[in-house]
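Have a look at the structure below, then the notes.
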Amino acid sequence: MDPVIVLVIILGGLIILGFLINKRLVDLAEGQKPSDELLEIIKMLQEGSKEDRKVLLSSLQKNTQSLNERLDAASRVIGQVQRNVGEMSEIGRGMKDLQEFLRSPKIRGNVGEQVLKELLSQILPKKSFNLQHTFKSGEKVDAAIITSAGIIPVDSKFPMENFRKMTSAESETEKKTHSKQFERDVKRHIDVISKKYILTEEGTIDYALMYIPAESVYYEVVNSPTLFDYGAAKRVLPVSPTTFYAYLRAILMSFEGQKIEQKAREILAAIRAIQKDYNKVEDNISKLQRHLNNAYNMMSNVLTSFTQLGQKITSTQSLGHGVKEEVKKLKE
């Protein structure tokens, strides 16, 4: 039980007790003079009541102060809650205004195209995509991603009207009716994308992306076997902001892979050029070595011939000296 309530009960009991004692004293005064013992008891009760009242009042003041502090804290919390409720009301009004704003199909289309543009600009290099890409027929697709395999057409579609009616329908019959209308809307968008933008003769790949800006609408499409199979048959793949982001990251990785592959080709070409130059130098060195060997051999032959010639000259000189000796002897 709350201490304040207990104190109030005790205080009420003391007041009633004091009233009864006072009434008894009046009755005694009117009847007969009370005895000394009775007066002593009454005096003790009065003194005890004063002390109890002091303790009770002190405790009551403390509890009252604590209660006031709690009430102040509660008042602050309530004030904060009221402010938060006001902010939520403002947000609710803003969401309502946004819903009213998005009722126009043209405005919804512009919003979807802008979000698509922001996603492409944040992830892919600027030269790897075109906005409002124009085909020879004059048709314009919201975006065209340029890859080594071909152009990937991306068109934003926002089938919101019948989706909103379907999700807010109160009866099952009404929900089925709007569900069929929503299905027709999505199929019509798929047909348009497949017919206008999948043009392999103009360099596109054999499928296109249908960008749906609202995740709830996207999941309604992909969770419908009829719509998903219809899109696959028409080679149109639905994507939401989340799945499109993952798709773009995969494309970006392929671009990085292409850059690495190109660098590898350049390095390989440089290595081949170096190998070719090395072979030329090796051939020249071989030729030089052969020439040097030939020169060395020729020099050896020349030296041998020169040595032999010297020996012959020496032999001739010896013969001449012998002839002179013989002539001298004959003269004697």
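What follows is calculated from the coordinates using simple rules that are stated; it is not laboratory data. Please read these numbers as outputs of a predicted model, since none were measured by experiment. No Cβ is skipped: glycine too gets one built from the backbone with ideal geometry, and neighbour counts run over all protein chains shown.
Using alpha carbon coordinates only, what is the Rg to Rh ratio of segment 201-241, with Rh defined as the Kirkwood radius?
Numbers: Rg = 11.2 Å, Rh = 10.8 Å.
My calculation of the ratio gives 1.04.
The 3J(HN,Hα) values that the Karplus relation (6.51, -1.76, 1.60; θ = phi - 60°) gives for segment 182-194 are, in residue order, 4, 4, 5, 4, 5, 4, 5, 5, 4, 4, 4, 5, 5 Hz. Gly and Pro appear as x. The protection proxy used here, the mean number of other Cβ atoms lying within 10 Å of each residue, ranks peptides 203-216, 134-147, 166-179 as follows, highest first: 203-216, 134-147, 166-179. Counting only Cβ charges, +1 for Lys and Arg and -1 for Asp and Glu, the dipole size of segment 127-257 around its Cα centre is about 200 debye. Each residue of segment 165-174 is assigned a 3J(HN,Hα), and the resulting list reads 5, 5, 6, 9, 5, 8, 10, 5, 5, 5 Hz, derived from the Karplus form 6.51 cos²θ - 1.76 cosθ + 1.60 (θ = phi - 60°), x at Gly and Pro.
In segment 105-254, the inverse of the mean reciprocal separation of distinct Cα atoms equals 15.9 Å; this is its Kirkwood hydrodynamic radius.
The slack between Val192 and Asn279, meaning 0.36 nm per residue of separation minus the straight C-alpha distance, is 25.2 nm. For Ser156, the residues 5 or more places off, or on other chains, whose built amide H falls under 5 Å of its own are Asp142, Tyr211. Apply 1/(1 + (r/R0)^6) to the Cβ-Cβ distance of Lys287 and Ala149, taking R0 = 51 Å, and write down the FRET efficiency to the nearest 0.05. Calculated value: 0.55. Using the Karplus relation 6.51 cos²θ - 1.76 cosθ + 1.60 with θ = phi - 60°, the per-residue 3J(HN,Hα) values for segment 309-314 come to 4, x, 5, 5, 4, 4 Hz, with x marking Gly and Pro. Which listed residue (Pro238, Thr173, Gly203) has the Cα farthest towards the positive end of the charge dipole for segment 105-254, taking +1 on Lys and Arg C-beta and -1 on Asp and Glu C-beta about the Cα centre? After comparing all options, I get Gly203.
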